[in-house]
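These notes are about the structure you will find just below.
Just so it is clear, none of the values below were taken in a lab; they were calculated from the coordinates. For clarity, every value in this text was computed on a predicted model and none was experimentally measured. Neighbour counts are summed over all protein chains in view; Cβ atoms, including those assigned to glycine, are modelled from backbone coordinates with ideal geometry.
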Amino acid sequence: MTTKLLVPFDGSSGSLRALQHAIDMAEHTGVELIVLNVQFNYNTRNVRKFTTDHQIRAFHDEAAKRAFEKAEGILKESGVAYTFRKRVGLPDQVILEESRDEDIQAIIMGTRGVGRVRGALLGSVSQNVMQSTIKPVTIVP
């Protein structure tokens, strides 16, 4: 069983700092990084009036690809083991679901992602995760 660190990643400067911190930890401990990108579920009745399911999936795939491209160079250079995962849903809920994997040792995440306005309206993802998990959480400013 490989020990893993979960690193929620949206490509923002905060998530890049969290990823670098996780890489530093992984270099010293040999753990694998699970780099998780969560896309909001835009597949709603109102959105489907103007777009197809295929277009929504393509949008999610492209947004995740752009985020992962920002991480890939840093990860390859570091030499640490990593896996990219893309999921669709509410970020805090998806992060919590992923963290329930028995191999996840801890969650390393930034304080804020790309959705500052959304975060102000819905509450901080990092705070919700911190308050709702039994796993250790490191918040990187």
Which chymotrypsin sites (Phe, Trp or Tyr not before Pro) in region 13-99 sit in a loop by DSSP (not H, G, I, E or B) and have at most 11 other Cβ atoms within 10 Å of their own Cβ? 50
Here P(r) for region 10-63, Cα-Cα distances in 10 Å bins, as whole percents, is 21, 33, 23, 17, 6, 0
What list of whole percents do you get for P(r) of the chain, with Cα-Cα distances grouped in 5 Å bins up to the one holding the largest distance? 2, 10, 20, 23, 20, 13, 7, 4, 1, 0, 0
Only helical DSSP H runs with n ≥ 4 go in: add -39500 (n - 2.57) per run for the chain, normalise by residue count and round the 222 nm mean residue ellipticity to 500 deg cm²/dmol. -15500 deg cm²/dmol
Which of the lysines could a cross-linker bridge to residue 86, judged by Cα under 23 Å and excluding same-chain residues fewer than eight apart? 4, 65, 70, 76, 135
